[in-house]
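The values are calculated or read from the model by the stated rules, or taken from the named source; none is laboratory data. Please read these numbers as outputs of a predicted model, since none were measured by experiment. Counting neighbours? That spans all protein chains shown, and the Cβs are built from the backbone with ideal geometry, glycine included.
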Amino acid sequence: MTTTTITVDFPAKQTKGYEIAIAPHSLEGLGEKLITLGLGQKSNRVLVVSNPIIFKHYGDRTVNSLKSAGFEVASLILPAGERFKTAASLQKIYDAALLNRLERSSVIVALGGGVIGDMAGYAAATWLRGLDFVQVPTTLLAMVDSAIGGKTGINHPQGKNLIGAFHQPRLVWTDPEVLKTLPVREFRAAMAEVIKYGVIWDQELFEQLSACDRLDQMRYLKSETLNLILSHCARAKAEIVSKDEKEGNLRAILNYGHTVGHAIEMVTNYRLFNHGEAVGLGMVIAGAIAVELGFWQISDQNAQLQLINKAKLPINLPKDIDPNQIITAMSQDKKVESGKVIFVMPKAIGKSIVTDQVDLGTVLKVLKKL
């Protein structure tokens with residue numbers, strides 16, 4: 001797999017653009033890349049935030065790369081899992097920043113998946129009123145989605161990602177080789193976000209995924225197909241974020257499947273489904289609502305279902321989940337505006353809209369069917 005470089009630029013220039021680099025066996029080059037970008041040069045201090053599993057596999061390589069480039073490196077290991085994306089974990093990052101005397105010119109490196117990236121990014125956004133940070137995503141979900149775009153934050157007990165800030169990374173350093181240690185369940189879950197891009201933005205990606213026999217394990221994908229997935233998703237998100245950095249309008253389409261998906265995660269206490277599985281189920285539900293309301297055709301919904309099935313993601317709600325609880329959780333979502341829940345509705349493969357004209361009675365009807 002050759003190196004692919006995608007640039008995220010912001011027309012207004014108040015926000016610095018950055019590079020998404022997709023390159024195999026690139027962890028060892030992280031330190032030199034930071035030097036090239038002029039990051040951390042004054043204080044020379046870097047804090048690497050990770051979780052135990054990821055740090056066991058890739059911590060030494062990452063830290064050694066930074067030390068070889070002349071950085072003074074500290075590391076902080078936080079528990080893995082969405083339920084630990086809390087104020088308590090954030091406080092541990094702040095404590096580590098204080099202990100290791102991070103300065104405004106220091107750098108925080110997020111080595112992990114979406115949870116680590118969100119928390120490390122939010123800490124970087126708020127410590128000393130803003131530090132540079134670098135995303136080194138180690139999950140497919142982070143590589144194609146959460147590491148790109150500058151959304152950072154933690155969960156509140158009453159809702160997912162209610163506390164956060166937009167803080168763009170200075171670099172997204174993606175090494176596809178690290179996916180070889182990714183658990184199968186995590187790979188499948190990430191395919192929900194990949195399919196999402198095909199539905200809302202990229203018809204070519206959707207068609208390429210449709211041509212695959214299986215999407216549930218990395219070993220069934222050719223290296224060219226994996227590169228296509230990573231580059232298409234990164235490019236799609238870069239294009240969307242560049243046009244709408246802070247979700248004023250267009251960027252909201254990235255929430256396809258998330259409105260219901262976040263509610264499902266919340267009512268199941270983040271234990272039954274992981275994020276990608278919940279989003280995939282949310283896409284099934286959003287697609288069914290779109291058919292019910294005449295937004296798109298049943299043939300498109302069936303095509304979406306075929307891909308979700310290829311990824312072996314759940315397509316039905318467990319019977320013990322009360323649909324009314326999901327409706328209540330949705331009403332507490334951060335995307336509620338003027339008391340109305342905002343939905344992303346697909347119009348055709350590769351096209352979508354954002355609307356507040358979805359009656360919750362229709363949502364409840366669809367939930368009960370599933």
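Of all residues in the range 7-30, those satisfying the criterion of being surrounded by 16 or more Cβ atoms within 10 Å (Cβ to Cβ) and farther than 18 Å from Thr174 by Cβ are Phe10, Thr15. Out of the range 135-173, which residues are part of a helix (DSSP H, G or I) and surrounded by fewer than 20 Cβ atoms within 10 Å (Cβ to Cβ)? Scanning the range 135-173 gives no hits. Somewhere in the range 267-278, is a residue modelled with pLDDT of 90 or more, closer than 22 Å to Val354 by Cβ and assigned by TED's automatic domain parsing to the domain that holds Lys365? Taking every residue of the range 267-278 in turn, at least one turns out to be modelled with pLDDT of 90 or more, closer than 22 Å to Val354 by Cβ and assigned by TED's automatic domain parsing to the domain that holds Lys365.
Condition check ((1) in a helix (DSSP H, G or I); (2) of a type outside the set (S, T, N, Q); (3) touching a His at 6+ places or on another chain (Cβ under 9 Å); (4) under 26 Å from Glu265 (Cβ atoms)) across all residues:
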{"residue": "Leu34", "(1), (2), (3), (4)": "yes, yes, no, no"}
{"residue": "Lys92", "(1), (2), (3), (4)": "yes, yes, no, yes"}
{"residue": "Ser105", "(1), (2), (3), (4)": "no, no, no, no"}
{"residue": "Val109", "(1), (2), (3), (4)": "no, yes, no, no"}
{"residue": "Val115", "(1), (2), (3), (4)": "yes, yes, yes, yes"}
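Here the condition is being touching a helix residue (DSSP H, G or I) at 6+ places or on another chain (Cβ under 8 Å) and under 21 Å from Gly17 (Cα atoms); of Leu215, Leu228, Leu250, Leu209, it holds for Leu250 alone. When Asn64 is tested against the conditions (1) touching a strand residue (DSSP E or B) at 6+ places or on another chain (Cβ under 7 Å); (2) more than 24 Å from Gly261 (Cβ to Cβ); (3) outside any loop (DSSP other than H, G, I, E, B), the lone failure is (1).
Please verify whether the range 267-276 includes one or more residues that are of a type in the set (A, V, I, L, M), crowded, with 23+ Cβ neighbours inside 10 Å and on the phi < 0 side of the Ramachandran plot. No, the range 267-276 contains no residue that is of a type in the set (A, V, I, L, M), crowded, with 23+ Cβ neighbours inside 10 Å and on the phi < 0 side of the Ramachandran plot. From the list Val358, Val284, Val344, the one residue that fits, being part of a loop (DSSP other than H, G, I, E, B) and under 14 Å from Thr259 (Cα atoms), is Val358.
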